[in-house]
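A quick write-up on the structure given underneath.
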Amino acid sequence: MLEDCLEFQVIGEASDGVEAVRKSVELRPDLVLLDIDLPRLNGIEVARRICAVVPESAILFVSGYQCPEIVQEALGIGAGTRGYVVKCDAASELLPALEAVAGNRRFVSGRIARSL
């Protein structure tokens, strides 16, 4: 989906949470897409570490979790955590979420926003 989007360029991918932190430090991306359910280090802890060492990177969670408590924890990590998209809504919400987060605005999937 992102390969066809001219506004955003994928500069790295990680297979687990530890690698995600390492690559974020190395590549210093403007925006990081994170799942919560990652091997070796969950996405919430990854976000905490990225916010601490690469505070200029914005973070957008893309996750299957819809529990309001998990969403609130994810978005409450720090100023860099700006968005949360539910995977089942990613086809319609990912691009608007990326634009919002890149523009320093918050974005929360519609199905989650109603329950927060």
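The values are calculated or read from the model by the stated rules, or taken from the named source; none is laboratory data. Predicted model, so just to flag it, every value in this text is computed and none were measured. Note: ideal-geometry Cβ built from the backbone for every residue, glycine included; neighbour counts use all protein chains shown.
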Might you let me know whether segment 55-77 holds any residue that is farther than 30 Å from ARG114 by Cβ and not aromatic (Phe, Trp, Tyr)? yes
Can you find a residue in segment 31-54 that is of a type in the set (Lys, Arg), touching a Gly at 6+ places or on another chain (Cβ under 9 Å), within 13 Å of VAL108 (Cα to Cα) and assigned to a helix (DSSP H, G or I)? no
So which residues in segment 65-79 are in a loop (DSSP other than H, G, I, E, B), surrounded by 16 or more Cβ atoms within 10 Å (Cβ to Cβ) and among the aliphatic types (A, V, I, L, M)? ILE77
Subset of segment 75-92, residues touching a helix residue (DSSP H, G or I) at 6+ places or on another chain (Cβ under 7 Å) and among the hydroxyl-bearing types (Ser, Thr, Tyr), comes to THR81, TYR84
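Restricting to segment 80-116, and then to whatever is small (Gly, Ala, Ser) and outside any helix (DSSP H, G or I), can you tell me which residue is nearest to the chain's Cα centre (by Cα)?
Result: GLY83.
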Of LEU95, LEU75, which residue is closer than 11 Å to PHE61 by Cβ, of a type outside the set (D, E, K, R) and at pLDDT below 95? LEU75
Within segment 55-79, residues being under 16 Å from VAL32 (Cβ atoms) and over 13 Å from the mean Cα position of the chain (by Cα) number 2
Touching a Cys at 6+ places or on another chain (Cβ under 7 Å) and within 26 Å of ARG28 (Cβ to Cβ): which single residue out of GLY103, GLY78 fits that description? GLY78
